[in-house]
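Colleague: Just passing along the structure, written as structure tokens.
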Amino acid sequence: MSLAITSATGFARLPPVSRRGTSTGFVSFALSVPSLVAPAHSSRTANVHSQRIPSLYAQPTCPLDRDTSSATVGLRSFHSTSHSWPSTPRFTYHVAASYSAKQDRFNADQNLYTQPVHDPSQSKIDRLRNCKEALNKRPRAQSGQDAFFFSQVGDTNTTAFGVADGVGGWMESGLDPADFSHGLCEYMACAARSWPHGFNTTSLHPKDLLQVAYDEVTDDGDIEGGGSTACLAVAEPDGNVEVANLGDSGFMHLGLNAVRHFTQPQTHAFNTPYQLSKTPQRMLVQMAVFGGASTLSDLPKESSVTHHKVRHGDVLVFATDGVWDNLSPQDALGIVSRHMVDLGAWVENDGTMEVGQDLAKLVQADSARKADGSSLQAKVAVAIAKEAKVTGLNTRRDGPFAKEVQKYYPGENWHGGKPDDIAAVVAVVLEDAPWRAKL
């Protein structure tokens with residue numbers, strides 16, 4: 001999670017006042033860390049609690065416990081990325097997600113989502129609200145304030161997927177941050193599924209998808225308020241992948257034991273990432289009557305957009321800060337490479353790394369049913385989430401977040417991992433066999 005700032009020096013992650021007027025507008029999940037977190041983190045929270053500040057808009061020092069800090073709204077709790085041949089290569093993206101809520105024990109079998117078989121008939125959606133209401137009839141994934149989604153784009157072979165991380169500080173205002181992040185992912189999934197309905201573009205871009213979903217969340221009376229970061233992609237069958245990132249969730253593009261790209265977080269200040277938000281009307285009235293600093297609110301158009309060209313056997317990893325605050329890019333590369341090699345997806349041949357011949361079988365591409373937990377993408381996603389979970393509870397191993405705290409707040413003496421909700425979405429890229437045979 002993360003903070004919202006009210007001034008150049010403040011760290012209170014406050015609920016953003018919407019800078020928009022009225023607004024318009026598939027699968028999502030949330031996570032949090034298990035009961036293991038309490039004993040592992042108890043020694044550090046004692047000092048943090050002594051730094052609680054008295055007022056909503058007071059300037060905190062270093063809010064190391066963002067769930068318990070009284071610097072509320074917007075606070076992201078520390079706990080709580082052309083050839084002239086007769087035809088072009090075609091790619092499919094095989095997706096799985098693994099997640100864990102901060103207060104829960106990690107369960108690889110239960111906290112797993114794998115890509116369903118595409119049914120083009122499901123793209124016929126008249127209203128996104130109806131689509132979301134249908135999704136709400138299913139149990140929400142036990143991923144805490146983190147959420148994720150996957151969907152085919154309309155009746156095409158294009159796919160969209162990504163993650164969102166709810167801002168924990170809204171809990172101090174009586175709001176569940178998971179409602180915003182899960183709602184955002186549900187609307188992104190529904191909007192992608194119903195494309196081109198509701199869009200005025202000839203192709204879907206992730207920033208536009210995020211805008212439509214944000215408009216729907218803003219208009220949805222069942223979502224009173226909240227805030228979230230987002231990192232999502234639209235992956236085309238020609239191998240072009242466009243990514244939009246807002247905040248400190250992030251994306252990695254890996255290929256044959258190498259990091260091809262890693263997103264840089266968007267932040268206003270330390271632990272204060274860019275974030276979408278919706279401020280409840282009651283809070284707007286209070287601020288109008290009693291005054292006070294305006295709250296942080298960024299817009300989808302401020303997302304950082306990058307473009308990538310994928311290859312056969314590449315791996316795309318989208319994750320919330322519960323992963324990236326505990327695992328460095330080198331850590332993530334090591335986890336992915338180890339499993340890709342051990343399972344035969346990447347193989348060494350005369351000193352060079354190649355894609356294994358059984359990749360289609362490993363991702364269960366030929367199956368008419370939903371991929372299961374034994375698929376390659378599921379095993380890689382579980383491995384990333386599990387390692388982030390274990391590292392977050394390790395009080396001796398300093399992760400990326402601990403190193404940042406030591407850099408900016410050396411007096412805090414912060415060591416170890418950062419218990420938090422975790423969501424990791426993994427997509428393995430598979431090139432169609434007929435094309436590969438021509439090469």
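Colleague: Show me, for region 92-102, the HN-Hα J-couplings you get by feeding each phi into the Karplus relation (A = 6.51, B = -1.76, C = 1.60, θ = phi - 60°), rounded to Hz, glycine and proline as x.
Modeller: Values, residue by residue: 10, 10, 9, 10, 8, 9, 10, 8, 7, 6, 3 Hz.
Colleague: Now a separate question. Counting other beta carbons within 10 Å of each Cβ, put 308, 253, 205 in order, fewest first.
Modeller: With the sparsest Cβ surroundings first, the list reads 205, 308, 253.
Colleague: Going by amide H atoms built from the backbone, whose H comes under 5 Å of the H on residue 355, apart from near neighbours?
Modeller: Here 347 satisfy the definition.
Colleague: For the peptides 337-343, 183-189, what is the packing order when you average, over each peptide's residues, the other Cβ atoms within 10 Å and list the highest mean first?
Modeller: Values: 337-343: 17.3, 183-189: 29.3.
Averaged packing, sorted descending, gives the order 183-189, 337-343.
Colleague: While we're looking at this one, here's another question. Determine, for each peptide in 127-140, 227-240, the mean count of other beta carbons within 10 angstrom over its residues, then list the peptides with the highest first.
Modeller: 227-240, 127-140
Colleague: A further question follows. So, R0 is 60 Å and r is the distance between the beta-carbons of residue 285 and residue 197; what FRET efficiency does that work out to, to 0.05?
Modeller: The calculated FRET efficiency here is 0.95.
Colleague: Also: What's the ranking of 110-117, 309-316, 156-163 by average number of surrounding C-beta atoms within 10 Å, highest first?
Modeller: Highest mean packing first, the order is 156-163, 309-316, 110-117.
Colleague: If you don't mind, another one. What does the charge add up to near residue 407, with Lys and Arg as +1, Asp and Glu as -1, over the other residues with Cβ less than 14 Å from its Cβ?
Modeller: Computed value for this residue: -3.
Colleague: Could you tell me whether region 251-396 comes out rounded, prolate or oblate from its Cα gyration tensor? Rule is a ≥ b ≥ c as square roots of the eigenvalues, rounded for a/c under 1.5, then prolate if a/b exceeds b/c, otherwise oblate.
Modeller: Prolate.
Colleague: Now for a different question. Determine ³J(HN,Hα), in whole Hz, for all residues of region 176-191 in sequence, where each value follows from phi through the Karplus function 6.51 cos²θ - 1.76 cosθ + 1.60 and θ = phi - 60°; x replaces Gly and Pro.
Modeller: Rounded to whole hertz, the list is 8, x, 5, 4, 6, 5, 5, x, 4, 5, 5, 5, 5, 5, 5, 5.
Colleague: For a quick check: sort 414, 170, 195 by the number of other beta carbons within 10 angstrom, fewest at the front. Don't jump to the answer; show the numbers that get you there.
Modeller: Values: 414 21, 170 35, 195 26.
By the 10 Å Cβ count, ascending: 414, 195, 170.
Colleague: Relative contact order, percent, of region 146-268 when contacts are C-alpha pairs under 8 Å separated by at least 6 residues?
Modeller: 26
Colleague: What is the fewest-to-most order of 425, 390 by other Cβ atoms lying within 10 Å of their Cβ?
Modeller: On the way: 425 30, 390 14.
Taking fewest neighbouring Cβ atoms as first place, the list is 390, 425.
Colleague: When only Cα pairs under 8 Å and 6 or more residues apart are kept, what is the percent relative contact order across region 243-378?
Modeller: Details: 160 pairs, mean separation 35.9, N = 136.
Worked out over region 243-378, it gives 26 percent.
Read-outs: derived from the displayed coordinates by stated rules, not from any lab. Just so you know, these numbers come straight off a predicted model, no measurement behind them. Backbone-built Cβ (ideal geometry, glycine too); neighbour counts: all protein chains shown.
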